[in-house]
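So the structure is just underneath, and the comments pick up after that.
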Amino acid sequence: MKLTAKAKLMATAGQAVFLRQTMVAANKACNHISEQAWQARSFGQYALQKLLYKSVKASFGLSAQVAIQCIVKVADAYRLDRTKKRKFRSLGAITYDSRILTWFTDKQFVSIWTVGGRLKIPYACGERQKELLGSQQGETDLILMDGQFYLHTTCNVENPEPGDFDDVIGVDRGIVNIATLSDGTNFASNHLLSVRSRYRRIRKKLQTKGTKSAKRLLKERNRKEKRFAAHVSHVTSKAIVARAKDTNCAPALEELTGIRARTTVRKKQRATHHSWGFHQPARFIDYKAERAGVLVVYIDPGNTSRECSSCGHVARANRKSQGLFSCVMCGRTLPADLNIAVRGRAVVNRPYAAGLTA
């Protein structure tokens with residue numbers, strides 16, 4: 001499987017100037033290519049390369065591979081949407097391949113092409129990133145974020161083949177609880193909800209104030225909430241996959257694509273509902289399970305909140321309240337999250353579900 005390793009470039013002030021100039025020149029070239037492609041109504045990579053490669057390389061002082069990468073970037077952008085002319089930010093990310101960026105993981109530095117020539121720049125990263133960089137293969141993106149340069153590179157990691165599983169462990173995802181497992185394990189969201197609520201209050205106060213210092217503080221706090229939520233999702237998904245691997249079970253999740261469009265909430269709940277990451281925990285479970293050789297199954301979510309995990313009876317009356325499930329047929333009563341009808345459905349449809357890998 002392909003994963004992304006992230007490293008922070010420890011560039012000097014002079015090196016940072018050349019990196020910034022390189023990004024500006026490359027994106028200026030992208031805007032020129034986009035303009036020519038729009039006028040000629042020619043958006044294919046090879047057509048643009050034949051038309052503009054030599055002029056772009058000469059006019060913007062780019063190396064051969066950087067010029068090619070600019071053409072690829074424009075062609076990819078128009079592949080997504082050809083109804084409007086594409087424009088690129090002057091400091092937008094640019095892509096390098098192995099010809100213009102070399103990783104020296106043993107000494108922990110990169111050799112990278114810039115408009116000022118080749119530069120050797122050390123980088124910093126965590127232990128997990130170091131491990132991933134051992135299998136680095138493919139392209140690398142140079143990104144400028146909050147005044148710091150980062151490299152995001154593709155790593156090709158070998159994974160064990162998922163084997164057969166003895167049982168299914170249901171995973172119910174929600175807002176009140178991040179996840180509830182069918183074995184009774186619960187991952188509460190109290191702390192995450194309180195952090196999100198606090199950040200909303202702080203943003204509202206700072207936006208209302210509108211002073212320079214308030215705007216500066218808003219910028220400093222940018223993405224902090226997102227990083228914290230991602231951390232919680234990582235911790236939760238790691239625990240779920242570890243539990244599944246230890247018990248030789250397959251995590252069974254509901255397919256919640258489009259959940260926001262299918263559900264409605266009260267006005268006071270909208271902020272929480274629309275900021276909640278329903279997809280992120282599942283995405284993290286997917287790739288962590290694949291790395292661990294654990295199979296993940298996805299189940300149709302229809303009526304799972306009303307289906308009894310014991311007898312399979314489906315009725316609206318089974319949900320006595322938001323948090324309580326009580327089957328009107330067999331009398332089984334338990335917390336609604338713990339009911340997790342998805343587990344029973346996964347067991348019944350096991351041959352079908354086992355073929356659905358994430």
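The values are calculated or read from the model by the stated rules, or taken from the named source; none is laboratory data. Quantities reported herein were computed from a predicted structural model and do not represent experimental measurements. Here Cβ is always computed from backbone atoms with ideal geometry, including for glycine, and neighbour counts include all displayed protein chains.
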(message) Residues to consider are Lys107, Lys84; find the one that is farther than 20 Å from Ile33 by Cα, free of Cβ contacts under 8 Å to residues at least 40 places away in the same chain and not aliphatic (A, V, I, L, M).
(response) Lys107
(request) Evaluate the stretch 268-282: report whether one residue or more is touching a residue at least 60 places away in the same chain (Cβ under 8 Å), assigned to a loop (DSSP other than H, G, I, E, B) and over 21 Å from Ile175 (Cβ atoms). (result) no
(message) Here's a check for you: in the stretch 310-327, which residue that is under 17 Å from Ser182 (Cα atoms) and among the hydroxyl-bearing types (Ser, Thr, Tyr) is surrounded by the most Cβ atoms within 10 Å (Cβ to Cβ)?
(response) Ser326
(request) Name, by its number, the condition in (1) assigned to a strand (DSSP E or B); (2) touching a Phe, Trp or Tyr at 6+ places or on another chain (Cβ under 7 Å); (3) not small (Gly, Ala, Ser) that does not hold for Trp103. (result) (2)
(message) So the check is Cβ under 7 Å with 6+ separation or different chains; which pairs have a first residue in the stretch 52-79 that's within 15 Å of Gly92 (Cα to Cα) and outside the structural domain of Lys28 (by TED's automatic domain parsing) and a second one that's modelled with pLDDT of 95 or more and surrounded by fewer than 20 Cβ atoms within 10 Å (Cβ to Cβ)?
(response) none
(request) Of the numbered conditions (1) out of contact with any helix residue (DSSP H, G or I) (no Cβ under 7 Å at 6 or more places or on another chain); (2) loosely packed, with under 14 Cβ neighbours inside 10 Å, Gly116 fails exactly one; give the number of that condition. (result) (1)
(request) Please give the number of the condition His274 fails out of (1) surrounded by 13 or more Cβ atoms within 10 Å (Cβ to Cβ); (2) in contact with a helix residue (DSSP H, G or I) (Cβ under 8 Å, 6 or more places away or on another chain). (result) (1)
(request) Kindly indicate whether Thr102 is within 27 Å of Gln69 (Cβ to Cβ) and more than 20 Å from the chain's Cα centre (by Cα). (result) yes
(request) Please verify whether the stretch 233-252 includes one or more residues that are touching a residue at least 24 places away in the same chain (Cβ under 8 Å), surrounded by 11 or more Cβ atoms within 10 Å (Cβ to Cβ) and in a loop (DSSP other than H, G, I, E, B). (result) yes
(request) Could you tell me which residue of the stretch 287-309 is surrounded by the most Cβ atoms within 10 Å (Cβ to Cβ), considering only residues that are farther than 17 Å from Thr247 by Cα and in contact with a Leu (Cβ under 9 Å, 6 or more places away or on another chain)? (result) Ile299
(request) Could you please give the count of residues in the stretch 131-167 that are at positive phi and assigned to a loop (DSSP other than H, G, I, E, B)? (result) 2
